[in-house]
Amino acid sequence: VRLVESGGGLAQAGGSLRLSCAASGGIFSANVMGWYRQVPGKQRELVATATPGGSTNYADSVKGRFTISRDSAKNTVTLQMDSLKPEDTAVYYCNTRGSTSTFWGQGTQVTVSS
């Protein structure tokens with residue numbers, strides 16, 4: 001299984017970035033797919049998840065600003081990040097979770113300047 005993220009980078013506060021993740025090497029239609037983030041010295045935290053049925057879940061800190069979407073036919077999940085804040089700066093990881101296993105991408109850096 002391989003998860004490849006793209007779309008990270010530098011943005012100004014109030015700006016937008018879009019992260020994409022492509023999954024390969026397995027069947028993901030029944031998996032929850034999502035995004036997590038981590039800053040140095042802190043635990044990795046959930047940002048947003050999307051179930052196979054289309055239900056979504058967001059961290060309170062990103063509700064109303066971030067939107068997760070998935071394309072089960074293409075095994076992709078995206079995270080549209082709007083109204084970015086400096087505290088959104090982190091390494092963002094794509095995640096897919098099935099009944100017996102969990103896989104992570106390599107991470108992509110997002111930096112938001114004030």
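The values are calculated or read from the model by the stated rules, or taken from the named source; none is laboratory data. As the structure is a computational prediction, the values presented were derived from the model and not from experiment. Virtual Cβ from ideal backbone geometry, glycine too; neighbours counted across all protein chains shown. To get the accessible areas, we keep the full protein, side chains included, count just its heavy atoms, and leave off ligands, DNA and RNA. Shrake-Rupley method; radii C 1.70, N 1.55, O 1.52, S 1.80 Å.
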Open item on the list: Can you give me the % of accessible surface on the chain that is carbon or sulfur? Probe 1.4 Å, all protein chains present, nothing else counted.
Closed with: 48
Open item on the list: Can you give me the C-alpha center-to-center distance between the range 88-114 and the range 1-62, rounded to a whole angstrom?
Closed with: 5
TODO: For the range 76-84, take each phi angle, set θ = phi - 60°, evaluate the Karplus expression 6.51 cos²θ - 1.76 cosθ + 1.60, and give the result in whole Hz per residue in order, putting x for glycine and proline.
DONE: 10, 9, 10, 10, 8, 10, 10, 6, 4
TODO: Take the Cα pairs of the range 6-66, get the Kirkwood Rh, then feed it into Stokes-Einstein at 10 °C and 1.306 mPa s and tell me D in µm²/s.
DONE: 117
Task: Net charge, residue 50 excluded, C-beta distance under 13 Å - Lys, Arg +1, Asp, Glu -1 - done: +1
Task: the range 36-85, Rg to Rh (Cα coordinates; Rh as Kirkwood inverse mean 1/r) - done: 1.00
Open item on the list: I need the shape label for the range 66-109. Rule: rounded when a/c is under 1.5, else prolate if a/b > b/c, else oblate, with a, b, c from the alpha carbon gyration tensor.
Closed with: oblate
